[in-house]
Amino acid sequence: MTAVEPTSEPEAESAVETARRQLERAAAHLDVDEGIVERLRHPTGVYRVTIPLERDDGTTEMFTGYRAHHDSVRGPYKGGLRYHPDVNEDECVGLSMWMTWKCAVMDLPFGGAKGGVVVNPKGLSDAEKERLTRRFAEELRPVIGPMTDIPAPDMGTDPETMAWFMDAYSMQEGETTPGVVTGKPPVIGGSHGREKAPGRSVGIVAREAIDYYGRDVEDATVAVQGFGSVGANAARYLDERGATIVAVSDVDGAIYDPDGFDTNDVEDHDETPGMVSGYDAPETLTNAELLELDVDVLIPAAIGNVLTGENARRVDADLIIEGANGPTTSTADQIFEERGVPVIPDILANAGGVTVSYFEWLQDINRRAWSLERVHEELETEMLRAWEAVRGEYDARDVTWRDAAYLVALSRIAEAHESRGLWP
């Protein structure tokens, strides 16, 4: 029978639908109580708040904020806060589920959460963003805390946002509580290496995956879509280890050089981090064309849903390492599986962010900072431990890398639920 090539995304899945589909696929490979699987299909709670903001011109505008709690069987909720016009309840629930799996893959004592405000942060002045953040922290105060739910930066937020959030929470609590958020500036309890950690972990996992398939990093050609925090740090990590970074991109397009770029030179050419526009490159491409380059390794590190049923058959990379959250749709996943193109999933590859957030949380609780060298050493250890666990499932079963990561996560979560039982 001839396979029918999909030309579009028939499922048009939301984040929560994708997360549930991935859960059910993993559950089919494990002897897990159906009651536990059913519990994991749904969030523990979703909190919707209204945030009044006094604009700089004296007017008052109302914004909607969300915080989704998925599962806390292994520890406090953990997950980012994003400021973006497309934030909605389903997205927050789906992303909170992914955070549950990511924490379990890394064997961290956290469960998944996600939240945000429906706002375009570029439309806010710095003073407005600060007032919005402080009021959002106050509205969420009943459901967050260093032993309850620990937010972190995400799209549209940054270390400064986390500093405002922590300060607002601390003022109401009557004591400085640095452990209520992670991703803060180091001067107020943040961890060295936190901002670069997701990209660094992508680089570590890419290095291990390249080796797994019998190749040398020094001989690998790499294309990175998205030269922001994740993509730039992944590219630099691999560049420093001898890989040839032939293409990188920003929102305006891609640059390409078959002989490879000096990633530090690309980043330093402009005062705007993550922007490659204007770099003197031999060739320019669109972001879509970058995804279809003939390279050894493709790292989609920009936004979600860029590898789809429409372009998956034209992707010419031998190996895909997911840097962004959810860059591969379910239809594209099926096509890559059919074609034998390995896809190392986001819940493993970019988990350095939540892992160093865990280190930051420990530092805050113990009031003792770690050196950058220690953070790098501990991150390397944790990433290799997680890689070995996922590789063990991949080698033992006829599954994809994504399935293998979910099997590791679900088995740990299910075991915790079985141990704790159902209250009352």
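Taken along its three principal axes, the alpha carbon spread of the range 300-424 comes to 51, 41, 27 Å, from the longest extent down to the shortest. Taking amide H as placed 1.01 Å from N in the peptide plane, the amide H of residue 322 sits under 5 Å from that of 344, 346, each at least 5 places away or on another chain. Out of 164, 244, 224, whose Cα points farthest toward the positive end of the dipole of the chain (charges: +1 Lys, Arg; -1 Asp, Glu; placed on Cβ)? Working it through, the farthest residue towards the positive pole turns out to be 164. Taken over the Cα atoms of the range 4-150, the convex hull encloses 143 Å³ per residue. Cross-link partners for residue 129 among the lysines, with Cα-Cα distance under 17 Å and sequence neighbours closer than 8 places in the same chain left out: 184. Between the listed residues 381, 371, 392, the Cα displaced farthest toward the positive end of the dipole of the range 354-410, a dipole computed from Cβ unit charges relative to the Cα centre, is found at 371.
Distance from the Cα centroid of the range 303-371 to that of the range 115-180 is 26 Å (rounded to whole angstrom). Annotation: the antiparallel percentage among DSSP beta bridges lying fully within the chain is about 50. Per-atom-type breakdown for the chain gives carbon and sulfur 46% of the accessible area (1.4 Å probe, protein chains only).
The H on the amide N of residue 82, modeled in the peptide plane, is under 5 Å from the matching H of 115, 116, 117, each at least 5 residues off or on a different chain. Normalised by the number of residues in the chain, the average gap of Cα pairs under 8 Å and 6 or more apart makes the relative contact order 16 percent. In the chain, helical runs assigned H by DSSP with n ≥ 4 each contribute -39500 (n - 2.57); averaged across all residues and rounded to the nearest 500, the mean residue ellipticity at 222 nm is -13500 deg cm²/dmol.
So which lysines can residue 102 reach, going by Cα to Cα under 18 Å and dropping same-chain residues fewer than 8 places off? In chain and number order, the partners are 78, 114, 196. These residues, 155, 147, go from largest to smallest accessible area, 1.4 Å probe, as 147, 155.
For the range 141-244, the relative contact order is 21 percent, taking Cα pairs closer than 8 Å that sit 6 or more residues apart in sequence and dividing their mean separation by the residue count. Here the dipole of the range 248-407 is about 900 debye; that uses its Cα centre as origin and unit charges on the Cβ of Lys and Arg (positive) and Asp and Glu (negative). A value for Kirkwood radius over Cα pairs in Å was derived from the coordinates, and within the list [x] 21.9; [y] 20.8; [z] 27.3 it appears as [x]. Loop-located GluC sites (Glu not before Pro) across the range 206-252 with a Cβ neighbour count of 11 or fewer within 10 Å are lacking, with loop assigned by DSSP. For the range 184-195, putting each phi into the Karplus relation 6.51 cos²θ - 1.76 cosθ + 1.60 with θ = phi - 60° gives couplings of 7, x, x, 5, 10, x, x, 9, 4, x, 5, 5 Hz, in residue order, rounded to whole numbers and with x for Gly and Pro.
When the scattering of the range 146-208 is computed by the Debye formula from its Cα atoms alone, each counted once and equally, what is log10 I(q)/I(0) at q = 0.23, 0.27 Å⁻¹? For the range 146-208 at q = 0.23, 0.27 Å⁻¹, log10 I(q)/I(0) is -0.92, -1.13.
Hand me the trypsin sites (Lys or Arg not before Pro) from the range 340-420 located in a DSSP loop with no more than 12 other Cβ atoms within 10 Å, in residue order please. Those satisfying the criteria are 367, 368, 397. Computed about the Cα centre, the dipole magnitude for the chain is approximately 1820 debye when only Lys and Arg (+1) and Asp and Glu (-1) carry charge, each at its Cβ.
Comparing Cα centroids, the range 235-261 and the range 59-88 end up 34 angstrom apart. Each Cα pair under 8 Å and six or more residues apart adds its sequence gap; the mean of these over the residue count of the range 5-100 is a relative contact order of 33 percent.
Across the range 164-177, rounded Karplus estimates of 3J(HN,Hα) from the backbone phi angles (6.51 cos²θ - 1.76 cosθ + 1.60, θ = phi - 60°) give 4, 4, 5, 5, 4, 4, 5, 4, 6, 7, x, 7, 5, 10 Hz, Gly and Pro being marked x. If you wrap the tightest convex hull around every Cα atom of the range 99-139 and split its volume per residue, you get 106 Å³. At a probe radius of 1.4 angstrom, the accessible area of the chain per residue rounds to 42 square angstrom. In the range 190-296, Rg over Rh equals 0.96, where Rg is the alpha-carbon radius of gyration and Rh the Kirkwood radius from pairwise Cα distances.
Applying the Karplus relation 6.51 cos²θ - 1.76 cosθ + 1.60 with θ = phi - 60° to the range 94-100 yields 3J(HN,Hα) values of x, 5, 5, 5, 4, 5, 4 Hz, where x marks Gly and Pro.
The values are calculated or read from the model by the stated rules, or taken from the named source; none is laboratory data. What you are looking at is a predicted structure, and each value in this text was computed from that prediction instead of being measured. Glycine gets a Cβ as well: all are built from the backbone with ideal geometry, and neighbour counts include every protein chain shown. To get the accessible areas, we keep the full protein, side chains included, count just its heavy atoms, and leave off ligands, DNA and RNA. Shrake-Rupley method; radii C 1.70, N 1.55, O 1.52, S 1.80 Å.
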